[in-house]
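The values are calculated or read from the model by the stated rules, or taken from the named source; none is laboratory data. Note that the coordinates shown come from a computational prediction; the quantities given were computed from them, not determined experimentally. For neighbour counting, all protein chains shown are included, and Cβ atoms are generated from backbone atoms with ideal geometry for every residue, glycine included. Calculation scope for accessible area: heavy atoms of the full protein, side chains included, ligands and nucleic acids excluded. Shrake-Rupley method; radii C 1.70, N 1.55, O 1.52, S 1.80 Å.
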Amino acid sequence: MNVLNSFMNSRIWGRGATALNPGLVLAVVVVFIALSFISPYFLTATNLLNVAKALVIVGIAAVGETLVIIAGGFDLSIGSTMAAAGMLAAYMLDSGFGVAAAFCAAIGLGMSIGATNGVLISYFRINPLIATLAMLAIIRGLAFVISNGREIVITNQTWLNLGTGKLAGIPYIVLILVLVYLAFLLLLPRSTFGRYIYAIGSNARAARLAGISTQRWRLLIYITCGATAALAGLMLAARTGNARPAAAMGFELDVITAVILGGASLKGGRGTLLGTAIGLILLFMINNGLTLAQVPSFWQQVVKGGILLAAVLYDELRRGRVDDG
Amino acid sequence: MPTPQSEMSGHNPGADSGARPPLIELRGITKKFGGYTALDGVDLKIGEAEAVGIIGDNGAGKSTLVKVLSGVHRPSSGTMLFRGQKLTLGSPLDARRNGVEMIYQDLALCEDLDVAQNIFLGRELKKNFGPFRVLDRQAMTEAAANDIADMGLDFDVEREVGQLSGGERQMVAVARALQFDPAALLMDEPTAALSAEKIRKLWEMIGRLKQRGVSILLVSHRFTDILNICDRIVVVRAGRIAGEMMPHELPPAQTMAMMTEMMTGDTVGNGAEA
Ligand SMILES: Nc1ncnc2c1ncn2[C@@H]1O[C@H](COP(=O)(O)OP(=O)(O)OP(=O)(O)O)[C@@H](O)[C@H]1O
Ligand SMILES: [Mg+2]
């Protein structure tokens, strides 16, 4: 018990708003050990690599969502943004543009969607849930309207390669995920961008009175979220080999579950990217375990929802304890 | 060397019309919220190193007045002069850039950030890192630790503000206001949440600031705060200045009686009222 206590209270988890929840790390270890006992297939390289590949796409989109949630916001439109970005890039390649131009345009589209969210939320003061729920519907609907519901098969080899190729045994998409996380892990503690995300989520009025242009920063945060969603959409299309208007439907559930599981607080001001990464690992290990145990996929959906509720409940309880103390 | 001019104008230190203009001067400031007039033609001067107390009933317009001075509210009409120069404050940042710091009624701290991060919020120190400008976390932590030590306090500046006591938070807000050597410090009900001992500490600190030449504007419900700290007392009633008095020229009991009269309007305190 003593060992557990010092494990839980150790300073290696960081301090304050950026502290990692040691319980989460413990949960990952426990689930990992449990799964390797339950299924002999779990600990094989093939399976673990599959888990990693499945995790990557949600993981990239989760970067932006983490920032948005720490800043006290919310973004439900990432799944739609992912689909729209994939389709735009596929269209452009079909129309003879190069892959670089297509990718830039797709990321630009994601940023524009994020900017629209940001303007609605930050300047028109629309509740983030409602604004991004509306965007979810609008963007998804437009993707169907423009494509007439048809999917586009990707023939560009560079793009497909990103989904299947490897460097020194590690899939490109996993490398891209690691690069994105590294970039943001370096950026957040060292930049005013990172500092203000926490400040705005913690007390937006205080941030504004301190001279921080909260509206502009919020806008930038939603633009970042749109960008990472678009990148995730490109990676998803690379994996599946096509761009579909129905792609990534319901992805926001996975993304938001991972972020909340990782310790970001819905009330803003708290959370970390590292936490989100660990939340992702936990979520996908549980998914994988359910698959290996041949639990029907409809039930997996139920379990995911349950995990999200449990994570939010835990956040609520922990906060209650802090407030009372 | 004193000039003849300044020797002649000794009747009112706040309204000194001599060589040095007051630090801050408000002329006919009116603030309307929709159809409601919260401030109605307020004239006010705050001299260099002067401590001015503002008292008034609930809803009299005291907070609105300091918010105009700190750039939170733009006045509907009237002018503001800063060291004799006309100045328009578009935001709290403008006020800070002009050396006017404000401690808000609720302190306006970010509870999830630590002490050092709060002290430097919005004015972070940076350093070069290759081609980038990045936060200089070490310099900020060290400077914050110095501030806290200078104030005779002892707590870890890497602690989250949410974990501090009410008095400690108050000190963080003060430390933040003092970090960039302000010319004026505005305080709205700074003692509302403090214990008697913490209040005395705050008074001492305000006294030291005055000696350093910082002008103080203090809004308080507590007569004792005002009597202890202020060189001049301004009474606000229904958005207007109801009167002024110099607490050191009268016995405290008489000052209190006058303040109460002006606040409630039982007796006309000042012939200037329209
Ligand atoms: N943002 C606002 N919008 C509308 N009305 C406001 C606003 N701020 C203040 N008022 C109104 O202006 C009047 C003066 O308010 P103010 O907060 O300045 O009073 P106060 O003297 O500070 O009172 P208290 O002692 O209760 O703090 C009040 O009637 C208040 O309702
Ligand atoms: Mg007030």
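I'd like the orientation of helix B:196-211 relative to chain B: the angle between its Cα long axis and the longest Cα principal axis, in ° from 0 to 90, rounded to 10. Approximately 80 degrees, to the nearest ten. By the helix-only formula, in which each DSSP H run with n ≥ 4 contributes -39500 (n - 2.57) and the sum is divided by residues, chain B has a 222 nm mean residue ellipticity of -9000 deg cm²/dmol.
The calculated 222 nm mean residue ellipticity attributable to helices in chain A amounts to -24500 deg cm²/dmol, summing -39500 (n - 2.57) over DSSP H runs of n ≥ 4 and dividing by all residues. When the Gaussian network model of chain A links Cα atoms closer than 10 Å, the mean-square fluctuations of A:ALA293, A:ALA264, A:ALA277 top out at A:ALA293. Using a cutoff of 8 angstrom between alpha carbon atoms and counting only pairs six or more residues apart, the relative contact order for chain A works out to 32 percent.
How high is the relative contact order of chain B, in percent, counting Cα pairs under 8 Å that sit 6 or more residues apart?
Relative contact order of chain B: 23 percent.
Interface residues of the range A:164-207, defined as a loss of at least 10 Å² in heavy-atom accessible area between the chain alone and the complex of all protein chains with a 1.4 Å probe, are A:PRO189, A:ARG190, A:THR192, A:ARG195, A:TYR196, A:TYR198, A:ALA199, A:SER202, A:ASN203, A:ARG205, A:ALA206.
By its C-alpha gyration tensor, with a ≥ b ≥ c as the square roots of the eigenvalues, how is the range A:82-241 shaped: rounded for a/c under 1.5, else prolate for a/b larger than b/c, else oblate? Verdict is oblate for the range A:82-241. Taking the DSSP beta bridges with both ends in the protein assembly as shown, the antiparallel portion is around 60 percent. Magnitude of the charge dipole for the protein assembly as shown, about its Cα centre and with charges confined to Cβ atoms of Lys, Arg (+1) and Asp, Glu (-1), is about 1580 debye. In chain B, excluding the sites themselves, the longest stretch lacking any of the chymotrypsin sites (Phe, Trp or Tyr not before Pro) that are in a DSSP loop with at most 16 other Cβ atoms within 10 Å is B:1-154. Computed over the range B:133-274, relative contact order equals 15 percent, with contacts defined as Cα pairs under 8 Å that lie 6+ residues apart. Between B:ASN98, B:ASN118, B:ASN128, the residue with the greatest mean-square fluctuation in the GNM of chain B (Cα pairs under 10 Å linked by springs) is B:ASN128. Surface composition of chain A: carbon plus sulfur atoms hold 68% of the accessible area, using a 1.4 angstrom probe and ignoring ligands, DNA and RNA. In loop segments of the range B:84-180 as defined by DSSP, the GluC sites (Glu not before Pro) with at most 16 further C-beta atoms inside 10 Å of their C-beta are B:GLU158.
For the range B:157-212, applying the loop criterion from DSSP together with a ceiling of 16 other beta carbons within 10 Å to the trypsin sites (Lys or Arg not before Pro) yields B:ARG159, B:ARG212.
Principal axis extents of the Cα atoms in chain B, from largest to smallest and rounded to whole angstrom, are 64, 50, 40. Name the residue from A:CYS104, A:PHE74, A:GLY271 whose Cα lies farthest towards the positive end of the charge dipole of the protein assembly as shown, charges +1 on Cβ of Lys and Arg and -1 on Cβ of Asp and Glu. Value: A:CYS104. Here A:ARG318 and A:PHE144 are evaluated by their C-beta separation; at R0 = 30 Å the FRET efficiency comes out at 0.15.
Using a Debye calculation, one point per C-alpha and no hydration shell, please list log10 I(q)/I(0) for the protein assembly as shown at q = 0.08, 0.09, 0.10, 0.11 Å⁻¹ in order. The computed values of log10 I(q)/I(0) come out as -0.68, -0.81, -0.92, -1.03. For the listed peptides A:31-37, B:238-244, B:63-69, a ranking on the average number of other beta carbons within 10 Å per residue, highest first, reads B:63-69, B:238-244, A:31-37. Taking the charge dipole of chain A about its Cα centre, with +1 at Lys and Arg Cβ atoms and -1 at Asp and Glu Cβ atoms, the residue from A:THR164, A:TYR123, A:ILE57 reaching farthest to the positive side is A:TYR123. Listed values for the range B:238-248 are Karplus-derived 3J(HN,Hα) couplings in whole Hz (6.51 cos²θ - 1.76 cosθ + 1.60, θ = phi - 60°), namely 6, x, 10, 7, 8, x, 9, 8, 9, x, 7, and x replaces Gly and Pro. For the range B:109-181, the spherically averaged projection of the C-alpha convex hull amounts to 4.8 nm². For the range A:2-316, a/c is not less than 1.5, where a ≥ b ≥ c are the root eigenvalues of the C-alpha gyration tensor, and a/b does not top b/c. That puts it in the oblate class. Under a model in which nothing but the beta-carbon of Lys, Arg (+1) and Asp, Glu (-1) is charged, the range A:2-316 shows a dipole of about 660 debye around its Cα centre. Across the range A:85-99, computed HN-Hα scalar couplings (Karplus, 6.51 cos²θ - 1.76 cosθ + 1.60, θ = phi - 60°) run 5, x, 5, 4, 4, 5, 4, 5, 5, 5, 8, x, 6, x, 5 Hz from first to last residue, x flagging Gly and Pro.
Taking all protein chains into account, the per residue accessible area for the protein assembly as shown stands at 45 Å² (1.4 Å probe). Positive end of the dipole of the range A:171-325 (Cβ unit charges, origin at the Cα centre): among A:TRP299, A:SER191, A:GLY201, the Cα lying farthest that way belongs to A:SER191.
Taken about its Cα centre, chain B carries a charge dipole of about 840 debye when Lys and Arg each add +1 at the Cβ and Asp and Glu each add -1 at the Cβ. At a probe radius of 1.4 Å, figure out the A/B buried accessible area, summed over both chains, and give it in Å² to the nearest 100. Chain pair A/B: roughly 2100 Å² of buried accessible area. Considering only B:GLY99, B:GLY28, B:GLY122, the Gaussian network model of chain B with Cα springs below 10 Å gives its largest mean-square fluctuation to B:GLY122. Can you tell me the 0 to 90 degree angle between the C-alpha axis of helix B:166-178 and the longest principal axis of chain B, rounded to 10? It is inclined by approximately 90 degrees.
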